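Colleague: My questions all concern the structure below.
The values are calculated or read from the model by the stated rules, or taken from the named source; none is laboratory data. Fair warning: this is a prediction, and the values are worked out from it, not measured in the lab. Reconstructed Cβ throughout: ideal geometry from the backbone, glycine too, with neighbour counts over all protein chains shown. For accessibility, only protein heavy atoms count, side chains too; no ligands or nucleic acids. Shrake-Rupley method; radii C 1.70, N 1.55, O 1.52, S 1.80 Å.
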Amino acid sequence: MDNLNLISNFAEFKELKNIDKSTMIGVLEDVFRHALQKQFETDENFDVIINPEKGDLEIWRNRTVVEDDAVENPNTEIAVSEVKAIDPTYEIGDEYADQVQLAQFGRRTVLSLRQNLASRIMDLEKAALFEKYSEKVGEIISGEVYQVWKREVLIMDDEDNELMLPKSEQIPNDFYRKGDTIKAIVKSVEMNNNQPRIILSRTAPQFLERLFEQEVPEIFDGLITIKKIVRIPGERAKVAVESYDDRIDPVGACVGMKGSRIYTIVKELRNENIDVLNYTANTSLMIQRSLNPAKISSITIDEEKKTAAVYLKPDQVSLAIGKGGLNIRLSKMLTGYDIDVYREVEEEDVALTEFTDEIEGWIIEALRNAGCDTAKSVLELSVEEIASRADLETEQAEKVIEILKAEFEE
């Protein structure tokens with residue numbers, strides 16, 4: 001039958017719209033049966049035959065052959081004289097099938113049929129797109145930048161589906177031009193006004209996790225597990241990893257030979273600094289590792305309040321805090337503890353030459369020759385050791401200690 005381009009492009013829909021053959025056949029049959037019901041009040045005596053390979057369709061109406069004066073419903077019955085004029089072999093009671101041409105539906109019905117079919121196919125396309133990307137949430141996809149706006153970037157995948165990368169999901173240093181290829185994870189899929197809206201993200205921790213899976217075979221194979229990732233996109237990230245094989249160094253595997261593996265990831269993230277550290281269930285040790293490269297002197301932890309007081313030498317405090325407070329912020333996010341950094345209070349030492357008013361010069365010189373240049377270096381020794389090293393009387397050594405102690409007690 002003349003299908004008037006209704007289904008001539010079925011192959012296109014099958015290839016480009018992700019509509020499978022059985023679904024397409026079902027939709028076509030449903031649309032035409034709906035038209036038959038409107039035209040003939042019933043579709044029960046019709047056969048709708050669809051050939052998806054050729055993209056054509058036939059409709060056959062089955063009617064019972066009755067006597068000439070016994071036709072009550074011309075849609076289900078046909079007079080024997082009418083049938084015999086076509087084929088003399090037919091008899092009363094036989095089933096007669098004739099093909100229904102599209103022209104019999106009338107112009108308005110054909111137009112409505114076209115619109116209905118187009119609408120159903122569009123709905124199918126939207127449903128297929130929604131289902132396809134719902135299954136891809138959390139996965140990395142690549143696409144081409146099609147349009148750049150102030151608040152979002154429109155990206156087309158390899159099937160020309162529209163994907164959105166909002167400004168809030170872009171790394172601050174991201175800059176795109178039309179035609180650029182972009183990597184991101186599928187963050188969410190939602191329906192807005194019956195239209196699938198696919199949101200991508202480059203700032204989510206899962207994006208960094210998927211990049212590690214792509215670059216580190218041991219993670220992909222499950223030999224190394226990423227326990228937690230925290231990020232300040234475009235600035236810095238911390239990744240805690242654990243190995244299930246004692247022979248594998250998880251940090252070394254993630255960084256790669258001469259940093260080859262981590263370099264690819266850093267480049268994709270616009271030079272975001274990435275710290276990879278060994279995960280441990282030991283809270284104190286985990287906090288120490290999270291504050292790397294700072295060296296901690298001591299730490300006090302309150303498990304109930306989830307707080308930690310960390311004490312460091314003065315030259316380590318700035319390392320623990322990091323530029324703009326990034327290191328300490330990420331450490332808090334990674335460990336789940338509120339970390340406070342404290343500078344260790346160190347008493348200043350005093351050179352022995354500062355005590356010439358109270359200690360005789362020859363005694364000071366003797367102590368210096370014995371390897372004691374400062375007050376604290378003398379106080380670390382016992383009375384007997386001071387007397388022996390500097391060749392002093394016990395009373396002299398005791399007097400020296402008394403003078404030096406008084407200096408620090410003031």
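Colleague: Can you pull out every residue in region 222-240 that is more than 17 Å from the chain's Cα centre (by Cα) and either open to solvent by less than 30 Å² (accessible area, probe 1.4 Å) or farther than 17 Å from Asn278 by Cα (or both)?
Modeller: Result: Ile224, Glu235.
Colleague: Which ones in region 123-144 are assigned to a helix (DSSP H, G or I) and either surrounded by fewer than 16 Cβ atoms within 10 Å (Cβ to Cβ) or of a type in the set (D, E, K, R) (or both)?
Modeller: The answer is Asp123, Glu125, Lys126, Glu131, Lys132, Ser134.
Colleague: Tally time: how many residues in region 82-108 are surrounded by 15 or more Cβ atoms within 10 Å (Cβ to Cβ) and either closer than 24 Å to Thr23 by Cα or of a type in the set (Gly, Ala, Ser) (or both)?
Modeller: So the count comes out to 2.
Colleague: Name the one entry in Phe32, Phe40, Phe13 that is under 21 Å from Ser112 (Cβ atoms) and modelled with pLDDT under 75.
Modeller: Answer to the check: Phe13.
Colleague: Considering only residues of region 24-71 that are polar (S, T, N, Q) and not in a loop (DSSP other than H, G, I, E, B), which is nearest to the chain's Cα centre (by Cα)?
Modeller: Once the filter is applied, the top-ranked residue is Asn51.
Colleague: Pick from region 154-166 the residues that are modelled with pLDDT under 95 and in contact with a Lys or Arg (Cβ under 9 Å, 6 or more places away or on another chain): which of them is least open to solvent (accessible area, probe 1.4 Å)?
Modeller: Asn161
Colleague: Then there is this: Return the pairs, sorted by first residue and then second, in which the second residue is basic (Lys, Arg), the first residue lies in region 312-328 and is over 14 Å from Ile339 (Cα atoms), the beta carbons are less than 6 Å apart, and the residues are 6+ apart or on different chains.
Modeller: Cβ pairs passing all conditions: Pro314/Arg343; Gln316/Lys295.
Table: residues versus (1) more than 28 Å from Gly26 (Cα to Cα); (2) open to solvent by less than 70 Å² (accessible area, probe 1.4 Å).
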position: Ile49; (1), (2): no, no
position: Leu57; (1), (2): no, yes
position: Val65; (1), (2): yes, yes
position: Val80; (1), (2): yes, yes
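Colleague: Which pairs do you get when a residue that is over 10 Å from Ala375 (Cβ atoms) and free of Cβ contacts under 8 Å to residues at least 12 places away in the same chain, found in region 348-363, comes within reach of a residue that is assigned to a loop (DSSP other than H, G, I, E, B) and not β-branched (Val, Ile, Thr), reach meaning Cβ atoms under 9 angstrom, with the pair 6+ apart or on two chains?
Modeller: Hits for this filter: Thr353/Asp373.
Colleague: Okay, moving on. Return the total of residues in region 72-118 being farther than 14 Å from Phe32 by Cβ, assigned to a loop (DSSP other than H, G, I, E, B) and hydrophobic (A, V, I, L, M, F, W, C).
Modeller: 3
Colleague: Conditions: (1) at positive phi; (2) touching a strand residue (DSSP E or B) at 6+ places or on another chain (Cβ under 7 Å). Gly324 meets all but one. Number of the miss?
Modeller: Answer for Gly324: the failing condition is (2).
Colleague: Identify, from the list Val216, Val251, Val230, the residue that is over 28 Å from Gly143 (Cα atoms) and either out of contact with any strand residue (DSSP E or B) (no Cβ under 7 Å at 6 or more places or on another chain) or in contact (Cβ under 8 Å) with a residue 24 or more places away in the chain (or both).
Modeller: Val251
Colleague: Next question, about the same structure. Which residues, taken from region 132-152, are without any contact (Cβ under 8 Å) to a residue 40 or more places away in the chain and in contact with a helix residue (DSSP H, G or I) (Cβ under 8 Å, 6 or more places away or on another chain)?
Modeller: The answer is Lys150, Arg151, Glu152.
Colleague: Open to solvent by 40 Å² or more (accessible area, probe 1.4 Å), hydroxyl-bearing (Ser, Thr, Tyr) and touching a strand residue (DSSP E or B) at 6+ places or on another chain (Cβ under 7 Å), is that true of Ser119?
Modeller: no
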